[in-house]
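Okay, so here's the structure we're looking at.
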Amino acid sequence: MNEYDRGGPVRSVAVWDLPVRLFHWLLAAAVGTSWASGEFGWMRIHFLSGYLILTLLLFRLAWGFVGSRSARFSDFLKGPGAAFAHLRELRSSGSHGHPVLGHNPLGGWMVAALLLVLSVQAGSGLFTSDDILVDGPLVAHAGSAVVKLLSTVHRLAFNLILAMVAVHVAVIAGYLLFRGENLVRPMLTGRKIVPDGFTVDPPRQVGPLPAALVALIAVALVAALVTAA
């Protein structure tokens, strides 16, 4: 069973705004580029993709407070009780559970964890050094012990990121296979298919101009940071 054949007519509801969708796919591309460029020693590309990741993270942090309702942290970061309740609902209802328009309580905390770990990764990269050819833009502003520590953090944290991405992909596949819920399509189209029999409250969307302003501020902050030396 899939989201189109839950036993009745369905309708399409706007869920994700364009800024959130662009953030999601640009971040995925940038993380992949960072991994590949690091593996092959393309350090100029590696640093550029790292700056893009940092810019995207700053944008998402701000958009989590001023963006569309489904993008706001207050909409999807719930307490442990809500996460356990969602787990119980998954076990008891199977493919007939009430649809969640944005991030469900479990997915919300996964998003927060990914943003945190990626922030550590991108931030530590500013202070990394291989003591030979490659120095991050802020290495000159930190002591040798700090640079050594953050270089180690930067090297090891990516293993955690890979593990979290694998879990993220596995959960998406699990929702599709066992719950019949496609979580990828809404992040492409911005709209989610829900059965007509369910009552949902479409989230309020914020227009593109605030998103553009937040993005410009994020770009300016990262540019100022990486040229601080």
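The values are calculated or read from the model by the stated rules, or taken from the named source; none is laboratory data. Bear in mind that the values here come from a model prediction, so they are computed numbers and not experimental data. Because the Cβ atoms are built from the backbone with ideal geometry, glycine has one as well, and the counts that use them run over all protein chains shown.
Is there a residue in segment 167-180 that is at pLDDT 80 or above and among the charged types (D, E, K, R)? Checked against the condition, which is being at pLDDT 80 or above and among the charged types (D, E, K, R), segment 167-180 yields no hits at all.
Condition check ((1) in a loop (DSSP other than H, G, I, E, B); (2) surrounded by 13 or more Cβ atoms within 10 Å (Cβ to Cβ); (3) in contact (Cβ under 8 Å) with a residue 24 or more places away in the chain) across all residues:
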| site | (1), (2), (3) |
| --- | --- |
| 88 | no, no, no |
| 91 | no, no, no |
| 109 | no, yes, yes |
| 114 | no, yes, yes |
| 122 | no, yes, yes |
| 127 | yes, yes, yes |
| 131 | yes, no, no |
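What's the number of the only condition in (1) more than 30 Å from residue 152 (Cβ to Cβ); (2) modelled with pLDDT of 80 or more that residue 90 fails to meet? Failing condition for residue 90: (2). Once segment 6-45 is narrowed to residues that are of a type in the set (Phe, Trp, Tyr) and closer than 22 Å to residue 57 by Cβ, the residue that is surrounded by the most Cβ atoms within 10 Å (Cβ to Cβ) is 16.
Restricting attention to segment 170-219, and to residues there that are in a helix (DSSP H, G or I) and hydroxyl-bearing (Ser, Thr, Tyr), which single residue is surrounded by the most Cβ atoms within 10 Å (Cβ to Cβ)?
Residues of segment 170-219 that are in a helix (DSSP H, G or I), as a first pass: 170-179, 184-189, 208-219.
Those left that are additionally hydroxyl-bearing (Ser, Thr, Tyr): 175, 189.
Details: 175: 19, 189: 14.
In this case the residue turns out to be 175.
When segment 8-63 is filtered for residues that are aromatic (Phe, Trp, Tyr) and over 22 Å from residue 155 (Cβ atoms), the ones remaining, listed by number, are 16, 23, 25, 59, 63. Against the condition in a helix (DSSP H, G or I), under 19 Å from residue 225 (Cβ atoms) and at pLDDT 95 or above, how does residue 65 come out, does it pass? The answer is no for residue 65.
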